[in-house]
Protein chains: 2
Amino acid sequence: MSANSRLTIAAHTLTWIGLYQRRGHEVATSEQIAASVNTNPVVIRRLLGELRKAGLADARRGARAGWMLARDLAAITLLDVYRAIEPGPLFALHPATPDPECVVGHGIGPAMTAVYDSVESALCRELAKTTLEDVLRDVLKAG
Amino acid sequence: MSANSRLTIAAHTLTWIGLYQRRGHEVATSEQIAASVNTNPVVIRRLLGELRKAGLADARRGARAGWMLARDLAAITLLDVYRAIEPGPLFALHPATPDPECVVGHGIGPAMTAVYDSVESALCRELAKTTLEDVLRDVLKAG
DNA sequence: ACAGTTGTAACAACTATTGTTACGATTAGA
DNA sequence: TCTAATCGTAACAATAGTTGTTACAACTGT
């Protein structure tokens, strides 16, 4: 797959806003964030748009416009971020329906679905363990 | 991402070969497997080529050619299959290096890498729990 | 020698990601 | 009321991965 950096950029973005707000600023602009992420401001705005729909960020428009967190960093887990920006499931079943006359073709779908459900649960459990507060702490420790 | 059905098709393919061999046949052809999966034989051959490189399948060429398992179904986990066919990591870091002068830009990479390592470990642990023997049992139960 | 199959290259269609330009909509403040 | 800054979004190109397809050389049991 074309490697997926959306979760990285989303976590970067929200962490950046959180730190900026703790330093006393009200809002952060997509241009400031893009400079830190090293990308185009539109990429940041697109991503923040999805994060806003998920209730993780808010935007103020007009003059003195910009972005702020909708919840504290400690109240946002990486699972929240993942759910906000990753649309589909990790694994898919067959593109075309397998032969229903074949024993394997008939039973493989449900069998794999059960496995994929377990795997996605494990992935979500793991992502839920880390909050953006944890991420910020690690980031500052690395400095 | 364009949804990834490679693991599904690979598990289907190996399970099909395993069942076919248990019914007394020596080898299975990509055409037979493709009929069950409902796709083109070349798709199966490509996938089996990667599975062969990983030591999970073997091919016989010439007349009476076809595919066989290199190990018993019970000795192949879904993690083995996953490792054989999925090249990259689940999540990627930034496409372009983030600003190293920024605290967040500087520390976010290592922080996210640690998280991604944990997540991939959890995913692998979960995939390792299921063997193709388990898959075949579920498949036959569903019938 | 023949027939059947593997192994692989080449190509098209489709989708997702990332980056970019452009421009209307919005609003605090002069 | 005007202005300047920023959001919100559409549109497009470049790149890459997946899936399906055709084609053909290489191989080997009979």
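A few comments on the model shown:
- Residues of the stretch B:59-76 classified as within 12 Å of DNA strand D (Cβ to nearest atom) and surrounded by 12 or more Cβ atoms within 10 Å (Cβ to Cβ), total: 3
- Taken as a whole, the structure places B:ALA92 among residues that are part of a loop (DSSP other than H, G, I, E, B), under 28 Å from B:GLY49 (Cβ atoms), within 7 Å of chain A (Cβ to nearest Cβ) and without any contact (Cβ under 8 Å) to a residue 24 or more places away in the chain.
- Lone qualifier among A:ASP117, A:ASP80 - being assigned to a helix (DSSP H, G or I) and more than 28 Å from A:LEU48 (Cβ to Cβ): A:ASP117
- Looking across the stretch B:47-79 at every residue that is touching a Leu at 6+ places or on another chain (Cβ under 6 Å) and without any contact (Cβ under 8 Å) to a residue 60 or more places away in the chain, the one that is nearest to A:LEU90 (Cα to Cα) is identified as B:LEU79.
- Hey, B:LEU56 away from DNA strand D (no atom under 13 Å from the Cβ) and either surrounded by 22 or more Cβ atoms within 10 Å (Cβ to Cβ) or of a type in the set (Val, Ile, Thr) (or both) or not: yes
- Positions within the stretch A:1-57 being touching a Phe, Trp or Tyr at 6+ places or on another chain (Cβ under 8 Å) and on the phi > 0 side of the Ramachandran plot, in sequence order: none
- Annotation: A:ARG83 fulfils all but one of (1) within 16 Å of DNA strand D (Cβ to nearest atom); (2) touching a residue at least 12 places away in the same chain (Cβ under 8 Å); the unmet one is (1).
- Evaluation of A:ALA74 against the conditions (1) away from chain B (no Cβ under 12 Å); (2) assigned to a loop (DSSP other than H, G, I, E, B) shows that the sole unmet condition is (2).
- The one condition in (1) at positive phi; (2) within 20 Å of the chain's Cα centre (by Cα) that B:ARG64 fails to fulfil: (2)
- Residue check for A:THR39: within 11 Å of chain B (Cβ to nearest Cβ), crowded, with 19+ Cβ neighbours inside 10 Å, of a type in the set (Val, Ile, Thr) and assigned to a loop (DSSP other than H, G, I, E, B): yes
- Residue satisfying all of: in the stretch A:1-44; under 11 Å from A:GLY66 (Cβ atoms) and of a type outside the set (Val, Ile, Thr); nearest to the chain's Cα centre (by Cα) among these: A:SER30
- Residue check for B:VAL81: modelled with pLDDT of 95 or more, touching a Pro at 6+ places or on another chain (Cβ under 6 Å) and surrounded by 22 or more Cβ atoms within 10 Å (Cβ to Cβ): no
- Test: residue in the stretch A:113-132 that is surrounded by fewer than 15 Cβ atoms within 10 Å (Cβ to Cβ) and touching a strand residue (DSSP E or B) at 6+ places or on another chain (Cβ under 7 Å): yes
Matching residues to (1) of a type in the set (D, E, K, R); (2) away from every other protein chain (no Cβ under 14 Å); (3) closer than 30 Å to B:ALA128 by Cα; (4) assigned to a helix (DSSP H, G or I):
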residue: A:THR15; (1), (2), (3), (4): no, no, no, yes
residue: A:GLN21; (1), (2), (3), (4): no, no, no, yes
residue: A:GLU26; (1), (2), (3), (4): yes, yes, no, no
residue: A:GLU31; (1), (2), (3), (4): yes, no, no, yes
residue: A:ALA59; (1), (2), (3), (4): no, yes, no, no
residue: A:THR97; (1), (2), (3), (4): no, no, yes, no
residue: A:VAL104; (1), (2), (3), (4): no, no, yes, yes
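- Tally, over the stretch B:106-124, of residues that are facing another protein chain (nearest Cβ under 7 Å) and among the charged types (D, E, K, R): 0
- Residue among A:LEU69, A:LEU93 that alone is away from DNA strand C (no atom under 14 Å from the Cβ) and over 21 Å from A:THR13 (Cα atoms): A:LEU93
The values are calculated or read from the model by the stated rules, or taken from the named source; none is laboratory data. Please read these numbers as outputs of a predicted model, since none were measured by experiment. Counting neighbours? That spans all protein chains shown, and the Cβs are built from the backbone with ideal geometry, glycine included.
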